[in-house]
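Notes follow once the structure below has been shown.
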Amino acid sequence: VMKKWNLVIDIAKCFNCNCCTLACHDEYHGNEFPGVASGMPKHGQNWIRIEQRETGTVPMVEVSYLPTTCNHCDTPPCLAAARDGAVVKRDDGIVIIVPEKARGQRQIVDACPYGAVHWNEERQLPQAWPFDAHLIDKGWKRTRGAQSCPTRAMRVLHVEDDEMKRIVAEEGLEVLHPEYGTAPRVYYRNLKRFRSLFIGGSVAGAIAGVVECVDGARVTLEQQGRTVATARTDAYGDFRFGGLDVDSGAYRLTIAAERFAPASIDVELRGESVYLRDIALAPRPAAAPEATRGAAPHAVPLQ
């Protein structure tokens, strides 16, 4: 049993500063590390790249970022595709495309289902981020990307597999595309943030003929008669329910606020988040005459 290297990336902490990308470029462009990596091209490649996702409608928009790189898989497809020892899986978990042996082997690029292996046309060489193995071998405890990250979104762990399994379970970590069956050593925290949608809106109502934001209204999100979540509108009348699955179907929102009649609206969630602009609440009906008291109030459909 030995310790192996793993990388944990927290999506909630990444704000697209690109420090990790630049640190990686600084380390590998114009430098040669025999047995680990040949020089990275000046343009056209990011061995650590950051994907961006936007969802929602102005003014309610959610932006999230996903740093991606070589996953240093325990079952690497690139290793299976390589010839003559061009790809090695070290005992410490790091996958290396050996530059002295990989020249001309473009099938290594094609074999990676994550698109994390790049083709250097000038050198006719497949290349990927080697977990800064040349620095690790000198005693470094963190990679250049992890060191440069101002929010500590990247965390390097050198632990035994059993300990890593415990951390994965305890922190709810995930890997990209587990269905590929490659057993990556790059893990993600809050990955759902990059994949999920939200339902939000802005609630307003007329008081004494003046339309204003409704603060403190109770909003309930239901699906198939089950309460999914509840929220209170803020000072601007806004609310938002996040972390909802793509194509999760029909929801119902119900809104209750003092001085206004209760209201509800049906929402269909498909491939994009839903922002309900200017939900107008109707004034609460005046007290009913004695003969009709006790009748149930009716919900005013939202526009």
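The values are calculated or read from the model by the stated rules, or taken from the named source; none is laboratory data. Keep in mind that this is a model prediction, so the values were computed, not measured. All Cβ positions, glycine included, derive from the backbone under ideal geometry; neighbour counts span all protein chains shown. We work out accessible area using only protein heavy atoms, side chains counted, and drop any ligands, DNA or RNA first. Shrake-Rupley method; radii C 1.70, N 1.55, O 1.52, S 1.80 Å.
Odds and ends about this structure:
- Apolar share of the accessible surface for the chain: 50 percent from carbon plus sulfur atoms, 1.4 Å probe.
- Rounded accessible area per residue of region 175-250, 1.4 Å, Å²: 50
- FRET efficiency, 1/(1 + (r/R0)^6) with R0 45 Å, evaluated for residue 286 and residue 51 via beta carbons: 0.25
- The chain: angle of helix 161-171 to the longest principal axis, Cα-based, in degrees nearest 10: 20
- Each label point was placed 7 Å from the Cα along the Cα-to-Cβ direction; for residue 168 and residue 223 their separation is 2.6 nm.
- At most 15 other Cβ within 10 Å, DSSP loop - trypsin sites (Lys or Arg not before Pro), region 187-242: none
- Part-to-part distance (alpha-carbon centres) for region 36-73 and region 154-204, which is given in Å: 16
- Å² per residue, accessible surface of region 65-137 at 1.4 Å: 39
- Coupling constants for region 97-113 follow from the phi torsions by the Karplus curve (6.51 cos²θ - 1.76 cosθ + 1.60, θ = phi - 60°), and in residue order they are 8, 6, x, 6, 10, 9, 4, x, 8, 5, 4, 5, 5, 5, 6, 7, x Hz; glycine and proline get x.
- In region 30-108, the GluC sites (Glu not before Pro) that fall in loop regions by DSSP, at most 12 other Cβ within 10 Å: 32
- Stretch in the chain that is longest and holds no chymotrypsin sites (Phe, Trp or Tyr not before Pro) that DSSP places in a loop and that have at most 15 other beta carbons within 10 Å: 16-139
- Net charge dipole size for the chain [Lys, Arg +1 and Asp, Glu -1 on Cβ; Debye, nearest 20]: 300
- With all pairs of separate Cα atoms included, the chain yields a Kirkwood hydrodynamic radius of 22.7 Å.
- Residue by residue, region 261-267 carries 3J(HN,Hα) couplings of 6, x, 8, 8, 8, 9, 10 Hz when phi is fed to the Karplus relation 6.51 cos²θ - 1.76 cosθ + 1.60 (θ = phi - 60°); x denotes Gly or Pro.
- In the chain, the longest principal axis of the Cα atoms and the axis of helix 19-28 are about 10 degrees apart.
- Over all other residues within a Cβ to Cβ distance under 14 Å of residue 42, the charged ones net out to -3, with Lys and Arg as +1 and Asp and Glu as -1.
- Spacing of the two label points (7 Å from each Cα toward its C-beta) at residue 248 and residue 232, in nm: 2.3
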